[in-house]
Amino acid sequence: MRVQVGIFKGVEYVDIRVYYYDATKQEWKPSRKGVAFKRELLPEVVKALEEVGGK
């Protein structure tokens, strides 16, 4: 799993994605399993994850 920050159409976003190893090309590639959201939402996402993690 990787967490990256990027810019798309001038908006910063956080991308949390599962990666898999492609043995034929000998490199890690992103899978479709993941989520991306505006960076400004990060505090709310962290709070929600802490609430779920505590249960």
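Nothing in this text is a laboratory measurement; each read-out follows from the coordinates by a stated rule. Model, not experiment: these values are computed from the prediction.
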Tilt relative to the chain, helix 42-53 - C-alpha long axis, 0 to 90 degrees, to 10: 90
Shape of the chain, Cα gyration tensor, a/c cut at 1.5: oblate
